[in-house]
Every structure is written in C-alpha cells, then in structure tokens.
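The values are calculated or read from the model by the stated rules, or taken from the named source; none is laboratory data. Fair warning: this is a prediction, and the values are worked out from it, not measured in the lab. Cβ placement follows ideal geometry from the backbone for every residue including glycine, while neighbour counts extend to all protein chains displayed.
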Amino acid sequence: MKYALVTGCDHGVGLSLAAQLSDRGYLVAACRLDDQETQIESLAAQRQNIRVFDVDISLDESVAALCRAVEAAFPALDLVINNAGILGRMESGPDEALDYALMQRVINVNAVGTLRVTTGLLPLLRKGTDKTVVNISSEAGSIADCERVGWFGYCMSKAANNMQGALIHNTLRREGGRVFQVHPGHVATFMRGHLDTTARITPEVSASGILRTVLDTPHEVGERPLYLDYTGKELPW
Ligand SMILES: NC(=O)c1ccc[n+]([C@@H]2O[C@H](COP(=O)([O-])OP(=O)(O)OC[C@H]3O[C@@H](n4cnc5c(N)ncnc54)[C@H](OP(=O)(O)O)[C@@H]3O)[C@@H](O)[C@H]2O)c1
C-alpha cells in the first residue's frame, strides 16, 4: 500500500489529483480548506481509499492539527502534493496601487504554507518508501522566464515556493527522497474567482499529466529538484 496526501482538494487540480491517486491504489489524505465544499466528501463516500481532512495552510495551528490527525490515521506518507494556492491580484503593472496585505497573504499561503505542510509531515514522509514531495508551483515562479509586469504576489510567491522546494530537496535527497516543482499548465479552474474559460486544459488532464510525470517517468535524483510542467517539459528557474 502506498500513502499520499494532497492539499487544496476542494475542487480544481487537487480534487482530480486525489481521484486519480485513489484510482492508482494509494490511500489518499485529501485536504480541504472549506467544509462547505462537498465534492471531495462525495468522492470519498464512493471510495474506500480517500480520507478527508480540513486544513488552512496559512495558519500554524491548523497545519499542526492536520499533521496530528494524519499521523493518527496513516502509518507513513510516500507522496505529499502541495497543491493548495491562491492567485491574489493580477495587477497590470507597478503603477497600479498595490495591495501589500493581500500580497503577504498570497506569499503566506503559496510559499510559507507549502513549507509549513512539508515540514509538519516530514516525520511521516521519512517513514515512507518514496519520500517524494511535489509542489504545484507555476511557470509564473520562473525568474529566468519572467515576462509579466504585474501579478507581484503570485509570481513572488511561486518563486519563493521554488526556493523552499530546493531547500527541502537538499534534505530529502540525502535520505532517499526528492522534491519536484511542477507547473500544472493553464487549467480551467475557479482560481480567478470564476471558471477560467481561456484555459487550455481541464483539471483531469492536468492531474493525469502531473502523475505521469512524477510517478511513471523515470528521473534521476539530481542535486536540484526537477522544475517541470505537467507534460514533463523542463522549465528554467
Ligand atoms: N489554474 C491554473 O491555470 C494554474 C496555473 C499555474 C499554477 N496553478 C496552481 O495550481 C494549484 C491548484 O490551483 P487550481 O487551478 O486547481 O485552483 P483552485 O481550484 O482555486 O484550487 C486551489 C485550492 O487551494 C485551496 N486553498 C486556497 N487557500 C488555501 C489555504 N489557505 N489552505 C488550504 N487550502 C487552500 C482552495 O480552496 P477554496 O477554493 O475552497 O478556497 C482550492 O481547493 C495552485 O497552487 C495554483 O497556484 C494553477
């Protein structure tokens, strides 16, 4: 039996990742922010191998409570997918009034929140066979490929997400584990507050590409995490 945990399973990419990991036979800890979001509960009711947990990754105590609950229910974790994230404001550029409080919230969720979850779950990951962390980052976190003039909070948060992933990789790779930083593609989800109809792919296509890339494709464990998109294409840092 393999064990996985996914954050942000309320809907979107996280919900599809939980469903597809369950299809692959994992026992899945599916983490949700909003207990009014019932899609993951409905899925868990139809499957034997999904357990639903509530967590707000922006809060120390909420993540600590999650880790205690998962430790009570799971003997180990082979795979942690840090998928939860928020967009914040898509400013048109630096001349627009910037919302620094919102920017700090985006960084707290996308970068610090991701790190909170991983460090809290390290004891369970260390008991797992694979010890793999997948951080759902974004192409927006690439400094080498930066063409935008706004989206400060989101881009900075995903660049910081990439850095915390590189730091965690340096611990895990010495213990037989690894980290992947993954851009899920431009996905039709509600991350912009409405269904993004300009997106190219569905959450199902994104999730199956992510799992194929990190679970089915052999990759050497290098000194840096791999920064890949959902098709397996490498991105510049
Ligand atoms: N969609 C894209 O085109 C795209 C592109 C690049 C990267 N990404 C990344 O892909 C990941 C998944 O996004 P998505 O497109 O599937 O959007 P989404 O449907 O909005 O999913 C994000 C998930 O994170 C949860 N979440 C937000 N704040 C949280 C918090 N403080 N604690 C715990 N969970 C929290 C959301 O819960 P609620 O919705 O209930 O608040 C939701 O379940 C994100 O990391 C995003 O940055 C998406």
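Whether a residue is of a type in the set (A, V, I, L, M, F, W, C) and within 30 Å of Gln104 (Cβ to Cβ) was assessed, and Ala45 does not pass this test. The set of residues in region 94-110 being small (Gly, Ala, Ser) and either touching a strand residue (DSSP E or B) at 6+ places or on another chain (Cβ under 8 Å) or modelled with pLDDT of 95 or more (or both) consists of Ala101 alone. Say whether the condition of being over 26 Å from Gly120 (Cβ atoms) and touching an Asp or Glu at 6+ places or on another chain (Cβ under 6 Å) is met by at least one residue in region 150-167. Looking through region 150-167, at least one residue is over 26 Å from Gly120 (Cβ atoms) and touching an Asp or Glu at 6+ places or on another chain (Cβ under 6 Å). Count of region 13-37 residues, restricted to those that are free of Cβ contacts under 8 Å to residues at least 60 places away in the same chain, of a type in the set (S, T, N, Q) and within 11 Å of the ligand (Cβ to nearest atom), is 1. Taking first residues from region 165-192 that are more than 9 Å from Arg224 (Cα to Cα) and partners that are crowded, with 16+ Cβ neighbours inside 10 Å and basic (Lys, Arg), the Cβ contacts under 7 Å between residues at least 6 apart in sequence or on separate chains come to Leu172/Lys131; Leu172/Arg178; Glu175/Lys131; Gly176/Lys131; Gly177/Lys131.
Closer than 17 Å to Arg178 by Cβ, touching a residue at least 24 places away in the same chain (Cβ under 8 Å) and surrounded by fewer than 23 Cβ atoms within 10 Å (Cβ to Cβ) - does that describe any residue in region 83-100?
Here is the first cut: in region 83-100, the residues closer than 17 Å to Arg178 by Cβ are none.
Within region 83-100, not a single residue is closer than 17 Å to Arg178 by Cβ, touching a residue at least 24 places away in the same chain (Cβ under 8 Å) and surrounded by fewer than 23 Cβ atoms within 10 Å (Cβ to Cβ).
Number of residues in region 156-171 that are touching a Ser or Thr at 6+ places or on another chain (Cβ under 8 Å), of a type outside the set (S, T, N, Q) and buried (at least 21 other Cβ atoms within 10 Å of the Cβ) equals 3.
Which one of Glu147, Glu139 is more than 19 Å from Cys67 (Cβ to Cβ), among the acidic types (Asp, Glu) and within 14 Å of the chain's Cα centre (by Cα)?
Working: Glu147 fails: within 14 Å of the chain's Cα centre (by Cα).
Going through Glu147, Glu139 in turn, just one is more than 19 Å from Cys67 (Cβ to Cβ), among the acidic types (Asp, Glu) and within 14 Å of the chain's Cα centre (by Cα): Glu139.
Filtering Leu15, Leu33, Leu21, Leu43 for residues that are among the hydrophobic types (A, V, I, L, M, F, W, C) and more than 17 Å from the chain's Cα centre (by Cα) leaves a single hit, Leu43.
Picking from Val106, Val70, which residue would you name as being more than 9 Å from the ligand (Cβ to nearest atom), in contact (Cβ under 8 Å) with a residue 60 or more places away in the chain and buried (at least 19 other Cβ atoms within 10 Å of the Cβ)?
On the way: Val106 fails: in contact (Cβ under 8 Å) with a residue 60 or more places away in the chain.
Just a single option satisfies the conditions, and that option is Val70.
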